[in-house]
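A.B. asks: Sharing a structure with you now.
The values are calculated or read from the model by the stated rules, or taken from the named source; none is laboratory data. Treat the numbers as computed from the prediction; the structure is a model and nothing was measured. Glycine also receives a Cβ, built like all others from the backbone with ideal geometry; neighbour counts cover every protein chain displayed. Note: accessible area is taken over every heavy atom of the protein model, side chains too, but ligands, DNA and RNA are not part of it. Shrake-Rupley method; radii C 1.70, N 1.55, O 1.52, S 1.80 Å.
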Amino acid sequence: MLVQAHSEAANWLTGGDSGTLTEEGLQSILGACEELNVRPRACASRIVNRTRPFETMRDEAAAEAALLLRECSASQTLGECRQDIEDARYVRDQNIGLAEPATLQMRQSERIDWLVSIKSTDLEFDPGRRNITVASPTEAEPDRRARVENAIVYTENTCFVLEYDPQEFNVAADRSCPEYRGGSIPYVAKWKVKPLKSGERQISISAVYVRDGRAFGTATVPPSPFKIEVEDWKIAWIKDLELWQQLLAAVGLIFTTVMGWKIWQLFRGRNKSGPGEA
């Protein structure tokens, strides 16, 4: 059987005991599902239960295989959703970054260039887990894991898309396709954003990937929505007015000080000349 042959020849996972299935490992599993003539969801159940021919698979690999096969609905055949399974594995085999915005504060009705840096990490997917997590043990739960906030998958050809309520924000173009820069900050995405309502608002970022010349989106690891504090335009206007008043007062104080000093110098010069001097 394909699965047994692969088990004897190579590792199942890209990271040895972490990451996603290798491409060869996935293809051997899909081949086994085809030989069994079962739908992907049914095949996932066989893998979880270690039903032949999957009895030799390790727990981590079996969990990851089941997760990928569950990309399909219960009614779909392998032929109908094979591409979705392969796309999911492709995404889970890519780099994981952290999306960090330049600011989380905006002013109502004021358009700004909103920048979000994608910072590289050494994070990997845990087999069988859909979200990015890191160890966060406690005495009560030594195996506890915490979700990584704002984690996002990126490749060397990725576009980033804003998701927002159009009644709360006006965005010139939802999609940003910045140049890949590599290094610690491989991408800096930029959008022209104008908040329409004050208060706490939310913006999320999703990624669009390109594989074999075909663009597709995924919600495998969406970052948590960024909470944007939007200042009411009236408050902003009052603050600006107060700032101008403080500036004018400071300028006036400087002007008064300079003029006073000049007048003092003038009288001081006259007093030095004396009453009998021409």
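A.B. asks: Test residue 152 against the criterion of being at pLDDT 95 or above and open to solvent by less than 60 Å² (accessible area, probe 1.4 Å), and give yes or no.
C.D. replies: no
A.B. asks: Looking only at residues that are modelled with pLDDT under 95 and among the aliphatic types (A, V, I, L, M) in segment 107-135, which one is surrounded by the most Cβ atoms within 10 Å (Cβ to Cβ)?
C.D. replies: Checked segment 107-135; the qualifying residue surrounded by the most Cβ atoms within 10 Å (Cβ to Cβ) is 132.
A.B. asks: Looking only at segment 99-139, which residues are among the hydroxyl-bearing types (Ser, Thr, Tyr) and out of contact with any Asp or Glu (no Cβ under 9 Å at 6 or more places or on another chain)?
C.D. replies: Those that are among the hydroxyl-bearing types (Ser, Thr, Tyr) and out of contact with any Asp or Glu (no Cβ under 9 Å at 6 or more places or on another chain): 103, 109, 120, 121, 136, 138.
A.B. asks: Just to be sure, is residue 104 open to solvent by 50 Å² or more (accessible area, probe 1.4 Å) and touching a residue at least 40 places away in the same chain (Cβ under 8 Å)?
C.D. replies: Working: open to solvent by 50 Å² or more (accessible area, probe 1.4 Å): yes; touching a residue at least 40 places away in the same chain (Cβ under 8 Å): yes.
Considered against the rule, which asks whether it is open to solvent by 50 Å² or more (accessible area, probe 1.4 Å) and touching a residue at least 40 places away in the same chain (Cβ under 8 Å), residue 104 comes out as yes.
A.B. asks: Take segment 137-149 and flag every residue that is under 22 Å from residue 92 (Cα atoms) and either surrounded by 15 or more Cβ atoms within 10 Å (Cβ to Cβ) or small (Gly, Ala, Ser) (or both).
C.D. replies: Answer for segment 137-149, where residues must be under 22 Å from residue 92 (Cα atoms) and either surrounded by 15 or more Cβ atoms within 10 Å (Cβ to Cβ) or small (Gly, Ala, Ser) (or both): 145, 146, 148.
A.B. asks: Taking segment 18-45, which residues are charged (D, E, K, R) and touching a Lys or Arg at 6+ places or on another chain (Cβ under 8 Å)? If you could, list the steps in order and put the result at the bottom.
C.D. replies: Keep residues of segment 18-45 that are charged (D, E, K, R), which gives 23-24, 34-35, 39, 41.
Selection gives 23, 41.
A.B. asks: Of all the residues that make up segment 90-108, how many are among the polar types (S, T, N, Q), in a loop (DSSP other than H, G, I, E, B) and under 26 Å from residue 124 (Cα atoms)?
C.D. replies: The number of residues fulfilling the criteria is 1.
A.B. asks: State which residue is nearest to residue 127 (Cα to Cα) when the search covers only segment 26-35 and only residues that are without any contact (Cβ under 8 Å) to a residue 40 or more places away in the chain and surrounded by fewer than 17 Cβ atoms within 10 Å (Cβ to Cβ).
C.D. replies: 27
A.B. asks: Output the residues belonging to segment 65-89 that are open to solvent by 50 Å² or more (accessible area, probe 1.4 Å) and part of a helix (DSSP H, G or I).
C.D. replies: Listed by number, the residues that qualify are 79, 80, 82, 83, 84.
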